[in-house]
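Here the structure comes first, spelled out in structure tokens, and everything after it is commentary.
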Amino acid sequence: MKIATWNVNSLRVRLPQVLAWLALEKPDFLALQETKLPDAEFPQAEIETAGYHCAFNGQKTYNGVATLSRVPATQTVMELPGANDPQRRLLATTHNGVRILNVYIPNGQEVDSDKYRYKLDWLDRLQEFLEAELEEFPELVLLGDFNIAPEDRDVHDPQAWAGHVLCSNPEREAFQGLLDLGLHDAFRLFESGGDHYSWWDYRQGAFRRNHGLRIDHILASHALAERCVACTIDSTPRKHERPSDHTPVMAQFK
DNA sequence: ATGGCGCGCGCAGCGCGA
């Protein structure tokens with residue numbers, strides 16, 4: 001079983017790359033973030049032709065998540081409990097007993113801004129939701145664009161980023177809180193070193209210089225982590241013409 | 001110190017991302 005996540009920064013623009021990547025890697029699941037299109041404009045026919053079912057939770061212009069899968073979804077949830085939030089950032093689905101929580105966690109813009117407070121509040125609500133979900137679904141994956149670099153080894157220049165959004169202590173503590181509920185960072189099951197990133201700024205030749213951050217994650221419950229045999233970041237799509245600034249992360253389970 | 005790129009919207013230039 002292969003499970004992947006990719007922030008595509010507009011599915012309209014990136015659809016050809018997504019279809020090519022599906023054909024090449026043949027994952028069982030692909031969680032997309034920043035689809036940036038309303039549900040009525042979701043390219044369902046093209047993706048079904050490629051052999052995937054689609055669950056999607058989108059809006060115009062901003063945000064939007066979708067989960068592509070070989071097995072159709074049941075038990076779909078599109079809202080975190082406890083808030084009436086118009087931003088489409090969550091999609092929870094079940095596929096033959098495997099629970100997939102696809103998230104586009106808020107960016108936060110700047111520490112102490114309103115958007116930063118919204119991010120921390122969103123993470124609090126995710127923590128509560130995840131706790132309940134783990135009781136119901138032992139085989140669970142929480143994956144997506146977390147907009148958090150969990151540790152300094154996930155940052156190309158930790159000194160420059162110290163205390164800034166994506167690296168601040170409250171964000172990192174919230175990330176650790178998710179792990180403490182019983183999740184494992186799949187990438188760190190296999191690789192303890194630095195220089196492995198999932199996002200690079202479009203500017204300053206950041207990709208060429210490997211000036212990136214590891215902010216896209218696949219977190220697996222105990223039951224699935226025991227079966228995890230690989231987790232890799234595929235940087236090849238970042239080399240394409242008109243790339244997303246994020247690149248896919250994929251985990252394999254026996 | 002600032003913006004640097006790419007996207008959406010919509011037709012100019014701005015908000016946003018990270």
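Descriptive notes on the structure:
- Sole exception among (1) surrounded by fewer than 22 Cβ atoms within 10 Å (Cβ to Cβ); (2) within 12 Å of DNA strand B (Cβ to nearest atom) for A:D180, by number: (2)
- Residue ranges of strands (runs of 3 or more DSSP E) in segment A:23-80 with at least 3 members crowded, with 16+ Cβ neighbours inside 10 Å and within 15 Å of DNA strand B (Cβ to nearest atom): A:29-33
- Among the residues of segment A:95-132, those that are farther than 20 Å from A:N169 by Cβ and either of a type in the set (A, V, I, L, M) or surrounded by 19 or more Cβ atoms within 10 Å (Cβ to Cβ) (or both) comprise A:H95, A:V98, A:R99, A:I100, A:L101, A:N102, A:V103, A:Y104, A:F129, A:L130, A:A132.
- Cβ-Cβ distances below 7 Å connect the following pairs, each with a first residue in segment A:139-150 that is over 16 Å from A:I233 (Cα atoms), a second residue that is away from DNA strand B (no atom under 16 Å from the Cβ) and of a type in the set (V, I, T), and a separation of six or more residues or different chains: A:E139/A:V98; A:V141/A:I3; A:V141/A:I100; A:V141/A:I218.
- Taking segment A:222-254 as the range and being within 15 Å of DNA strand B (Cβ to nearest atom) and either on the phi > 0 side of the Ramachandran plot or among the β-branched types (V, I, T) (or both) as the test, the residues that pass are A:I233, A:R242, A:T247, A:V249.
- Test: residue in segment A:120-143 that is in a loop (DSSP other than H, G, I, E, B) and either under 20 Å from A:K36 (Cα atoms) or within 16 Å of DNA strand B (Cβ to nearest atom) (or both): no
Every read-out reported here was derived from the displayed coordinates using simple, explicitly stated rules and does not represent laboratory data. Keep in mind the model is a prediction, meaning the values are calculated, not measured. Because the Cβ atoms are built from the backbone with ideal geometry, glycine has one as well, and the counts that use them run over all protein chains shown.
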